[in-house]
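The values are calculated or read from the model by the stated rules, or taken from the named source; none is laboratory data. Here the structure is a predicted model, which means the values were calculated and not measured. Here the Cβ positions follow ideal geometry from the backbone for every residue, glycine too, while neighbour counts run over all protein chains shown.
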Amino acid sequence: MLNIVPKGIGWIEVICGSMFSGKTEELIRRLKRAEYARLTTAIFKPIIDTRYSQEHIVSHSELKIASISVTSASEIADLSTDADVVGIDEAQFFDENLIDVCQNLANKGKRVIVAGLDQDYSGKPFEPIPQLLAIAEYITKTLAICVKCGNPANRTQRLSRNINRVVVGAEDIYEARCRFCHEVYHTPEQIKRKERP
Ligand code: ZN
(Lines give C-alpha, C1' and ligand atoms only; values in the text may rest on other atoms or scores of the structure.)
Protein backbone atom coordinates (compact mmCIF):
# COMPACT_ATOMS: atom_id res chain seq x y z
CA MET A 1 0.00 0.00 0.00
CA LEU A 2 1.32 3.44 -0.94
CA ASN A 3 2.12 5.42 2.16
CA ILE A 4 0.10 8.45 1.06
CA VAL A 5 -3.36 8.96 2.57
CA PRO A 6 -5.87 10.35 0.00
CA LYS A 7 -7.08 13.88 0.81
CA GLY A 8 -10.28 15.45 -0.47
CA ILE A 9 -11.30 12.46 -2.57
CA GLY A 10 -13.10 9.18 -1.93
CA TRP A 11 -11.89 5.67 -2.54
CA ILE A 12 -12.84 1.98 -2.34
CA GLU A 13 -11.26 -0.66 -0.09
CA VAL A 14 -12.10 -4.36 -0.54
CA ILE A 15 -11.50 -6.97 2.17
CA CYS A 16 -12.05 -10.46 0.75
CA GLY A 17 -11.26 -14.10 1.40
CA SER A 18 -12.83 -17.39 2.46
CA MET A 19 -15.13 -17.87 5.43
CA PHE A 20 -13.31 -17.87 8.82
CA SER A 21 -10.52 -15.65 7.44
CA GLY A 22 -11.35 -12.60 9.57
CA LYS A 23 -12.94 -10.38 6.88
CA THR A 24 -15.72 -9.08 9.10
CA GLU A 25 -13.31 -8.61 12.03
CA GLU A 26 -11.08 -6.44 9.80
CA LEU A 27 -14.09 -4.48 8.49
CA ILE A 28 -15.28 -3.78 12.05
CA ARG A 29 -11.74 -2.76 13.12
CA ARG A 30 -11.52 -0.18 10.30
CA LEU A 31 -15.03 1.17 10.95
CA LYS A 32 -14.43 1.50 14.72
CA ARG A 33 -11.22 3.41 14.07
CA ALA A 34 -13.18 5.79 11.80
CA GLU A 35 -15.80 6.27 14.54
CA TYR A 36 -13.08 6.98 17.15
CA ALA A 37 -11.86 9.68 14.74
CA ARG A 38 -15.41 11.15 14.88
CA LEU A 39 -16.14 10.41 11.25
CA THR A 40 -19.76 9.62 10.40
CA THR A 41 -20.23 6.00 9.35
CA ALA A 42 -23.08 4.22 7.55
CA ILE A 43 -22.82 0.45 7.85
CA PHE A 44 -24.84 -2.11 5.87
CA LYS A 45 -25.39 -5.79 5.39
CA PRO A 46 -27.84 -7.71 3.20
CA ILE A 47 -31.04 -8.84 4.83
CA ILE A 48 -30.37 -12.43 3.66
CA ASP A 49 -27.70 -12.77 6.35
CA THR A 50 -29.72 -13.29 9.54
CA ARG A 51 -27.24 -15.59 11.28
CA TYR A 52 -26.43 -13.35 14.22
CA SER A 53 -28.33 -10.06 14.43
CA GLN A 54 -30.44 -7.76 12.26
CA GLU A 55 -29.03 -4.61 13.90
CA HIS A 56 -25.35 -5.46 14.02
CA ILE A 57 -22.51 -6.84 11.96
CA VAL A 58 -21.00 -9.57 14.14
CA SER A 59 -17.70 -11.37 13.49
CA HIS A 60 -17.06 -15.03 14.32
CA SER A 61 -14.86 -13.69 17.14
CA GLU A 62 -17.94 -11.80 18.43
CA LEU A 63 -16.80 -8.27 17.68
CA LYS A 64 -19.82 -6.24 16.67
CA ILE A 65 -20.87 -2.85 15.32
CA ALA A 66 -24.33 -1.37 14.65
CA SER A 67 -25.53 -1.82 11.07
CA ILE A 68 -28.59 -1.43 8.85
CA SER A 69 -30.00 -4.47 7.05
CA VAL A 70 -31.00 -3.69 3.46
CA THR A 71 -32.58 -5.70 0.66
CA SER A 72 -30.78 -4.00 -2.25
CA ALA A 73 -27.65 -2.00 -3.09
CA SER A 74 -29.72 1.04 -4.10
CA GLU A 75 -30.88 1.40 -0.48
CA ILE A 76 -27.22 1.82 0.51
CA ALA A 77 -26.93 4.83 -1.80
CA ASP A 78 -30.09 6.41 -0.35
CA LEU A 79 -29.01 5.90 3.28
CA SER A 80 -25.37 7.03 2.93
CA THR A 81 -25.90 10.71 2.09
CA ASP A 82 -24.45 12.05 5.35
CA ALA A 83 -21.70 9.46 5.83
CA ASP A 84 -17.95 10.05 5.54
CA VAL A 85 -17.26 6.31 5.64
CA VAL A 86 -19.53 3.58 4.23
CA GLY A 87 -19.06 -0.04 5.35
CA ILE A 88 -20.67 -3.02 3.58
CA ASP A 89 -20.45 -6.63 4.82
CA GLU A 90 -21.33 -9.88 2.96
CA ALA A 91 -21.10 -8.02 -0.34
CA GLN A 92 -21.39 -11.26 -2.34
CA PHE A 93 -25.11 -11.34 -1.47
CA PHE A 94 -25.80 -8.06 -3.31
CA ASP A 95 -26.50 -7.86 -7.04
CA GLU A 96 -24.16 -6.23 -9.58
CA ASN A 97 -25.74 -2.81 -8.94
CA LEU A 98 -23.43 -2.70 -5.88
CA ILE A 99 -20.53 -1.88 -8.23
CA ASP A 100 -22.13 1.38 -9.45
CA VAL A 101 -23.31 2.22 -5.94
CA CYS A 102 -19.73 1.93 -4.59
CA GLN A 103 -18.30 3.92 -7.53
CA ASN A 104 -20.82 6.73 -7.02
CA LEU A 105 -20.21 6.90 -3.26
CA ALA A 106 -16.42 7.03 -3.77
CA ASN A 107 -16.86 9.65 -6.52
CA LYS A 108 -18.78 11.77 -4.00
CA GLY A 109 -15.73 11.77 -1.72
CA LYS A 110 -16.65 8.92 0.63
CA ARG A 111 -14.38 6.15 1.88
CA VAL A 112 -16.12 2.89 0.95
CA ILE A 113 -15.05 -0.32 2.71
CA VAL A 114 -16.51 -3.54 1.29
CA ALA A 115 -16.04 -7.04 2.75
CA GLY A 116 -17.15 -10.31 1.19
CA LEU A 117 -16.40 -13.79 -0.10
CA ASP A 118 -14.26 -13.72 -3.23
CA GLN A 119 -15.04 -17.36 -4.17
CA ASP A 120 -18.19 -19.43 -3.88
CA TYR A 121 -18.26 -22.95 -2.37
CA SER A 122 -16.98 -24.41 -5.65
CA GLY A 123 -14.01 -22.02 -5.85
CA LYS A 124 -15.49 -19.82 -8.59
CA PRO A 125 -15.18 -16.00 -8.36
CA PHE A 126 -18.24 -14.73 -6.50
CA GLU A 127 -19.80 -11.67 -8.16
CA PRO A 128 -19.78 -8.77 -7.55
CA ILE A 129 -16.48 -9.10 -5.60
CA PRO A 130 -14.27 -9.66 -8.72
CA GLN A 131 -15.59 -6.43 -10.30
CA LEU A 132 -15.12 -4.54 -7.02
CA LEU A 133 -11.50 -5.79 -6.81
CA ALA A 134 -10.90 -4.34 -10.28
CA ILE A 135 -12.11 -0.84 -9.37
CA ALA A 136 -10.83 -0.65 -5.76
CA GLU A 137 -7.85 1.47 -4.71
CA TYR A 138 -6.96 -0.87 -1.83
CA ILE A 139 -7.34 -4.64 -1.59
CA THR A 140 -6.82 -6.90 1.43
CA LYS A 141 -7.00 -10.66 0.93
CA THR A 142 -7.51 -12.45 4.23
CA LEU A 143 -6.49 -16.11 4.62
CA ALA A 144 -7.91 -18.69 7.01
CA ILE A 145 -6.18 -21.88 8.19
CA CYS A 146 -7.05 -25.14 6.41
CA VAL A 147 -8.83 -27.41 8.90
CA LYS A 148 -7.40 -30.50 7.12
CA CYS A 149 -3.69 -29.70 6.81
CA GLY A 150 -2.97 -26.36 8.50
CA ASN A 151 -1.87 -24.56 5.32
CA PRO A 152 -3.10 -21.05 4.50
CA ALA A 153 -6.67 -21.44 3.21
CA ASN A 154 -8.48 -19.23 0.70
CA ARG A 155 -11.43 -21.54 -0.08
CA THR A 156 -14.69 -22.34 1.66
CA GLN A 157 -15.65 -26.01 1.87
CA ARG A 158 -19.36 -26.73 2.04
CA LEU A 159 -19.92 -29.85 4.13
CA SER A 160 -23.34 -30.64 2.65
CA ARG A 161 -23.97 -31.71 -0.96
CA ASN A 162 -26.33 -28.80 -1.65
CA ILE A 163 -25.33 -27.18 -4.98
CA ASN A 164 -27.27 -23.91 -4.62
CA ARG A 165 -24.82 -21.01 -4.75
CA VAL A 166 -26.23 -19.31 -1.66
CA VAL A 167 -26.73 -21.46 1.43
CA VAL A 168 -26.43 -19.35 4.58
CA GLY A 169 -24.62 -21.01 7.47
CA ALA A 170 -21.49 -20.98 9.60
CA GLU A 171 -19.39 -23.69 11.29
CA ASP A 172 -22.33 -26.10 10.94
CA ILE A 173 -21.98 -26.40 7.15
CA TYR A 174 -18.74 -24.65 6.15
CA GLU A 175 -15.04 -24.89 6.89
CA ALA A 176 -11.87 -23.26 5.55
CA ARG A 177 -9.71 -25.39 3.22
CA CYS A 178 -6.54 -24.85 1.15
CA ARG A 179 -6.59 -25.38 -2.62
CA PHE A 180 -5.47 -28.99 -2.25
CA CYS A 181 -7.91 -30.07 0.48
CA HIS A 182 -10.87 -28.20 -1.05
CA GLU A 183 -13.27 -30.67 -2.72
CA VAL A 184 -15.43 -29.45 -5.58
CA TYR A 185 -18.87 -30.86 -6.14
CA HIS A 186 -20.01 -30.16 -9.69
CA THR A 187 -23.04 -32.33 -9.04
CA PRO A 188 -24.21 -33.66 -5.69
CA GLU A 189 -22.69 -37.08 -6.46
CA GLN A 190 -19.41 -36.07 -8.07
CA ILE A 191 -16.18 -35.24 -6.24
CA LYS A 192 -13.27 -33.91 -8.29
CA ARG A 193 -10.25 -35.90 -7.06
CA LYS A 194 -6.86 -34.21 -6.87
CA GLU A 195 -3.29 -35.57 -6.79
CA ARG A 196 -0.65 -34.04 -4.52
CA PRO A 197 1.92 -32.25 -6.76
ZN1 ZN B 1 -5.26 -28.20 3.27
Can you name the number of the only condition in (1) more than 16 Å from the ligand (Cβ to nearest atom); (2) modelled with pLDDT under 95 that GLU183 fails?
-> (1)
Please work out which residue is farthest from the ligand (Cβ to nearest atom), limiting yourself to region 168-180 and to residues that are at pLDDT 85 or above and in a loop (DSSP other than H, G, I, E, B).
-> ILE173
Would you check if ALA153 is farther than 13 Å from PHE20 by Cα and modelled with pLDDT of 95 or more?
-> no
Scan region 129-140 and give yes if some residue there is within 16 Å of the ligand (Cβ to nearest atom) and either buried (at least 16 other Cβ atoms within 10 Å of the Cβ) or part of a loop (DSSP other than H, G, I, E, B) (or both), otherwise no.
-> no
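Take the residues in region 97-123 that are in a loop (DSSP other than H, G, I, E, B) and modelled with pLDDT of 95 or more; name whichever of them is surrounded by the fewest Cβ atoms within 10 Å (Cβ to Cβ).
Residues of region 97-123 in a loop (DSSP other than H, G, I, E, B): 108-110, 118, 120-123.
Subset that is modelled with pLDDT of 95 or more: 108-110, 118.
Working: LYS108: 15, GLY109: 12, LYS110: 23, ASP118: 25.
Selected residue: GLY109.
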Given the conditions (1) among the basic types (Lys, Arg); (2) at pLDDT 85 or above; (3) away from the ligand (no atom under 16 Å from the Cβ), which single one is not true for LYS148?
-> (3)
Which number in (1) under 30 Å from ASP78 (Cα atoms); (2) in contact (Cβ under 8 Å) with a residue 24 or more places away in the chain; (3) touching a strand residue (DSSP E or B) at 6+ places or on another chain (Cβ under 9 Å) marks the one condition that TYR121 misses?
-> (1)
